[in-house]
Amino acid sequence: MKASRFLAVIGTLLLAVGFMVLNQSRALAQDAPEDPPFLAEFYDAWASSAHADATAEAFVHWDSEGAIPESCAKCHSTPGYQDFLGADGSEFGVVNAPAALGTTVTCDACHNSVTMTLDSVVFPSGAEVTGAGDAARCMQCHQGRASTVSVNAKLTELGLVEDMNAVNPELGFINIHYYAAAATLYGSVAQGGYQYEGQVYMMQNHHVEEADTCIECHNPHTLEVNVSLCQDCHEDVKSVEDLQFIRMNGSLNDYDGDGDINEGIAEEIQGLQELLYEAIQAYATEIAGAGIVYEPHSHPYFFTDTNGNGEADEDEVNGDNKYVSYTGNLLTAAYNYQVSMKDPGAFAHNPLYTIQILFDSITTLNAQISEPVDMEFAHRSDPGHFDVTAMAFRDWDADGEVPATCARCHSATGLPEWIHNNGIVVAQPISNSLTCTTCHDSLSEFTLLSLDAVTFPSGASLTFGEGEEANLCLACHQGRESTVSVNRAIGNLGDDEVSENLRFRNVHYFAAGASLFGGEAMGAYQYDGKEYNGRNLHGGDEDAPQVCTDCHDPHEFSIQTNVCEDCHDVEEQEDVLLIRMDEDVELVDWDGDGAADEPIRDEIGTMEEALYAAIVSYATETAGAALAYDAHSYPYFFNDLNGNGVVDPEEANRDNGFASWTPSLLRAAYNYQYTQKDPGDFAHNPHYILQVLYDSIEAVGGDVSTYTRPPVEAGE
């Protein structure tokens, strides 16, 4: 046995003897209290852990060198960790000297005067996370040694940024290092993976309360996963091996494109790893000009495939055969592959971040090779309410919080606070997306928060029924404006009077609840003296699907076409767009185009086009300023500076927002936006939508002579 290893073993034995002597001496003292049992428990727990394994490579790797260098001492010795913390009286955050051989991670590494108050961690990217509590002790080491920042720095240094396909022999593999769990956990905050420019990535993965930090999920002494804690939500978990099969209802996309959305999320990651390795090997051969193989247990991990068989053979796995034909694209992809491989718990720490860096690496290489890896059915994010790339959740990243005016529906914690505080919510922390606890008040029973009724922007209190779960949907899918607020903004202005005090009123996105309740909610602008349909009872039958969750899967956000099949010829999602009821109803050609049997969505589409044309004409002829619309750029209506009828890139900015509003133009534009922002209005309440479109066209001087306004009693 090497001397250092011998010393480490002896040190461990001496610590054990010390505990025994302490216990015996106290037992012999007649009046002495018994030794606190937790001390022995902690020691026994630690002694069986990897942190105490004096024979492990993590502690004996430097035996032949005589000391552990500064660059490694922090995490591979107790003196080095104390040196880094400044617990030895030295400067905090720096290892000042090599560490002596023969130690492991002992009690006084994590339990000392500095760690008692340690609350933050700085990652290799330079990002600092504060408020980490006791888990900050873990994250000093379990953070990796590289990041997006260091990879980009090397690419810039070698002048490879301009040509990411150029081979440079000076470019070597950059290794994240082992068990960078904290970097995975904090996702795009830590930038542990290589993050491609222009992409949005998962931030910190918040699990659930009481299972959201290193030491809540892992025993800090044995390092083992607290499986019993997992069982509170994941009843099928009986052992650590079962964790890889966990899959939550918010993860219903097929990430690796293999057609299986029931496999564990760990298996989805494994599928993407296999696809990325395939892409790496194809790219290396075709673009870099040298085959590549990977061996996870031998530094530097990637080697030249000298015989071209695609496998890491024994004679290929050595330092002299390390891969040296890296390009920028190959390095970033290989780096992300290694990131995913060296955190075996990535599927729990931050599965979606891991999926995203793998997905982006594949698509980047696919763009360069002649036979791309098949990604046709693969996905990089979750659907709907769980889409971490959506601006609905990420628009406030730079601000650091979601303002109170938006927090109810655009943060994970806003809706529960709004419900518990009877309609009051303050600014909330930024969120990746909604989470289970946004709608569920129990994660063991998955019971839902309760709302008996919801107040809409018009002031109307509406409900699907007392305690009905779909009332939760109405809390957000109601819009932010109404007939009432538009009238309030207009005041006593004349219909065609241009006023600098008027600005566009935006209903907001997906006001499906307002559409469904129609004239009762007054979500669209309803013209004085006109009558409008109220709540749309689907099929006119109360036993038919009538509430949001009857038709939509609240997790996947998709339409449940199996429900539609009972009455409609629907097999796929797209078939819903073609629905037109014809049983016991005399078909009416609402848009006057001669096709009375076309899908109701097309009837609405024709009137939307007519309304937009009437708005453009009115703006020019009555308001005195040309106008154009862009559905994806706030505030949506802009001055058409060059008169081409299109919002050009240089016109799509707030400074060029249309400002020559009259009451008539504002009402019509509001209703046009309303129909654009509820893409399911043709199902939610088609006749109500046709009514407001007809009235809007007429109000701004459009020709409605060929159209038919649905009567209030009409049903579709």
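The values are calculated or read from the model by the stated rules, or taken from the named source; none is laboratory data. In this text, all values refer to a predicted model and were calculated from it rather than measured experimentally. Glycine gets a Cβ as well: all are built from the backbone with ideal geometry, and neighbour counts include every protein chain shown. Only protein heavy atoms, including side chains, enter the accessible area calculation; ligands, DNA and RNA are left aside. Shrake-Rupley method; radii C 1.70, N 1.55, O 1.52, S 1.80 Å.
Laid out as a table, the results:
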item: Candidate set from the stretch 477-528 (those that are among the polar types (S, T, N, Q) and part of a loop (DSSP other than H, G, I, E, B)); member that is farthest from Gln673 (Cα to Cα); result: Asn492
item: Single match in Thr463, Thr447, Thr438 (criterion: over 16 Å from Arg667 (Cβ atoms), surrounded by fewer than 22 Cβ atoms within 10 Å (Cβ to Cβ), modelled with pLDDT under 95 and β-branched (Val, Ile, Thr)); result: Thr447
item: Residue count, the stretch 451-460 (criterion: surrounded by fewer than 20 Cβ atoms within 10 Å (Cβ to Cβ) and touching a residue at least 24 places away in the same chain (Cβ under 8 Å)); result: 3
item: Subset of the stretch 74-108 (residues that are over 18 Å from Ala50 (Cβ atoms) and of a type in the set (Val, Ile, Thr)); result: Val94, Val95
item: Residue in the stretch 664-716 that is surrounded by the most Cβ atoms within 10 Å (Cβ to Cβ), counting only those that are hydroxyl-bearing (Ser, Thr, Tyr) and part of a loop (DSSP other than H, G, I, E, B); result: Tyr707
item: Helices (runs of 4 or more DSSP H) (entirely within the stretch 170-276) containing at least 1 residues that are of a type in the set (Gly, Ala, Ser) and within 18 Å of Thr389 (Cβ to Cβ); result: 187-190
item: Those residues of the stretch 581-605 which are of a type in the set (Val, Ile, Thr) and either modelled with pLDDT under 95 or closer than 15 Å to His568 by Cβ (or both), in sequence order; result: Val585, Val588, Ile600
item: Filter result (of a type in the set (Phe, Trp, Tyr) and either in contact with a strand residue (DSSP E or B) (Cβ under 7 Å, 6 or more places away or on another chain) or without any contact (Cβ under 8 Å) to a residue 60 or more places away in the chain (or both)) within the stretch 378-437; result: Phe393, Trp396, Trp418
item: Some residue of the stretch 152-159 being assigned to a loop (DSSP other than H, G, I, E, B) and under 23 Å from Val388 (Cβ atoms); result: no
item: Residue match in the stretch 498-521 (condition: of a type in the set (Lys, Arg) and closer than 20 Å to Leu451 by Cα); result: no
item: Helices (runs of 4 or more DSSP H) contained in the stretch 71-148 and holding at least 3 residues open to solvent by less than 20 Å² (accessible area, probe 1.4 Å); result: 78-85
item: Search result, residues across the stretch 316-341 that are open to solvent by 10 Å² or more (accessible area, probe 1.4 Å) and over 35 Å from the mean Cα position of the chain (by Cα); result: Val317, Asn318, Gly319, Asp320, Asn321, Lys322, Val324
item: Set Arg488, Arg480, Arg503: member being open to solvent by 40 Å² or more (accessible area, probe 1.4 Å), without any contact (Cβ under 8 Å) to a residue 24 or more places away in the chain and basic (Lys, Arg); result: Arg488
item: Within the stretch 545-663, helices (runs of 4 or more DSSP H) holding 3 or more residues that are surrounded by 15 or more Cβ atoms within 10 Å (Cβ to Cβ) and without any contact (Cβ under 8 Å) to a residue 24 or more places away in the chain; result: 561-564, 600-618
item: Failed item in (1) in contact with a helix residue (DSSP H, G or I) (Cβ under 8 Å, 6 or more places away or on another chain); (2) of a type outside the set (Lys, Arg); (3) open to solvent by 10 Å² or more (accessible area, probe 1.4 Å), with Tyr255 passing the rest; result: (3)
item: Count of the stretch 198-220 residues which are of a type in the set (D, E, K, R) and surrounded by 17 or more Cβ atoms within 10 Å (Cβ to Cβ); result: 1
item: Thr413 being out of contact with any Gly (no Cβ under 7 Å at 6 or more places or on another chain) and surrounded by fewer than 18 Cβ atoms within 10 Å (Cβ to Cβ); result: no
item: Single condition Leu474 does not satisfy, out of (1) in contact with a strand residue (DSSP E or B) (Cβ under 6 Å, 6 or more places away or on another chain); (2) in a loop (DSSP other than H, G, I, E, B); (3) at pLDDT 95 or above; (4) not hydroxyl-bearing (Ser, Thr, Tyr); result: (2)
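Quick grid of which residues meet (1) open to solvent by less than 70 Å² (accessible area, probe 1.4 Å); (2) in contact (Cβ under 8 Å) with a residue 40 or more places away in the chain:
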position: Asp163; (1), (2): no, yes
position: Tyr179; (1), (2): no, yes
position: Tyr196; (1), (2): yes, yes
position: Thr222; (1), (2): yes, yes
position: Cys233; (1), (2): yes, yes
position: Lys238; (1), (2): no, no
